[in-house]
Amino acid sequence: QVQLVESGGGLVQPGGSLRLSCAASGSIFSLYAMGWYRQAPGKQRELVAFITPGGSTNYVDSVKGRFTISRDNAKNTVYLQMNSLKPEDAAVYYCNQGQRIGDLPGPSGYWGQGTQVTVSS
């Protein structure tokens with residue numbers, strides 16, 4: 001059974017940084033694409049970034065140049081380094097694993113419980 005546990009959320013001032021972590025278990029982590037989604041109140045959940053097993057990355061335009069997704073296969077962990085945070089980045093951030101080997105992260109995949117990121121002065 002796949003389990004994803006996020007951590008690292010919190011309150012940060014605009015312009016600040018946070019690093020989110022997602023620890024995975026129950027699968028051969030290195031074989032799966034991993035992603036980070038976020039959902040703000042009243043908005044749809046959106047894919048922020050994903051990373052393939054080979055290390056290729058992709059970002060939504062609004063975070064390019066500010067966020068970096070990475071993975072440590074030895075620790076079964078995916079990270080999201082968030083810099084230059086803006087109030088509009090505030091949301092619950094969810095870790096996601098593709099459902100099957102070769103799948104990109106998506107709604108049919110596995111989800112963590114989410115971690116709250118608040119950006120406010």
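Quick check, is Thr57 under 22 Å from Ser27 (Cα atoms), modelled with pLDDT of 95 or more, open to solvent by less than 60 Å² (accessible area, probe 1.4 Å) and not aromatic (Phe, Trp, Tyr)? The answer is no for Thr57. Without any contact (Cβ under 8 Å) to a residue 12 or more places away in the chain, over 14 Å from Val48 (Cβ atoms) and surrounded by 14 or more Cβ atoms within 10 Å (Cβ to Cβ) - does that describe any residue in segment 89-110? Yes. Take the residues in segment 4-35 that are hydroxyl-bearing (Ser, Thr, Tyr), assigned to a strand (DSSP E or B) and at pLDDT 95 or above; name whichever of them is farthest from Val63 (Cα to Cα). Looking at residues that are hydroxyl-bearing (Ser, Thr, Tyr), assigned to a strand (DSSP E or B) and at pLDDT 95 or above, I get Ser7.
Of all the criteria given as (1) under 15 Å from Ser7 (Cβ atoms); (2) basic (Lys, Arg); (3) within 10 Å of the chain's Cα centre (by Cα), the one not satisfied by Arg38 is (1). Scanning segment 1-20 for residues that are touching a Cys at 6+ places or on another chain (Cβ under 9 Å) and among the hydroxyl-bearing types (Ser, Thr, Tyr) returns a single hit, Ser7.
Of the residues examined, Leu85 is not one that is in contact (Cβ under 8 Å) with a residue 12 or more places away in the chain, more than 15 Å from Val5 (Cα to Cα) and open to solvent by 30 Å² or more (accessible area, probe 1.4 Å). Taking segment 36-95 as the range and being under 24 Å from Leu11 (Cβ atoms), β-branched (Val, Ile, Thr) and assigned to a strand (DSSP E or B) as the test, the residues that pass are Val48, Thr68, Ile69, Thr77, Val78, Val92. Might you check whether a residue that is closer than 15 Å to Leu104 by Cα, in contact with a Gly (Cβ under 6 Å, 6 or more places away or on another chain), crowded, with 19+ Cβ neighbours inside 10 Å and at pLDDT 95 or above occurs anywhere in segment 36-54? Yes - at least one qualifying residue is present in segment 36-54. Return yes or no: is Ile69 more than 11 Å from Leu20 (Cβ to Cβ), open to solvent by less than 80 Å² (accessible area, probe 1.4 Å) and free of Cβ contacts under 8 Å to residues at least 60 places away in the same chain? No: the conditions fail for Ile69.
The values are calculated or read from the model by the stated rules, or taken from the named source; none is laboratory data. These numbers were taken from a predicted model, which means no experiment stands behind them. As a convention, Cβ positions derive from the backbone with ideal geometry for all residues, glycine included, and neighbour counts pool all protein chains shown. The area values use the complete protein model at the heavy-atom level, side chains included, leaving out ligands, DNA and RNA. Shrake-Rupley method; radii C 1.70, N 1.55, O 1.52, S 1.80 Å.
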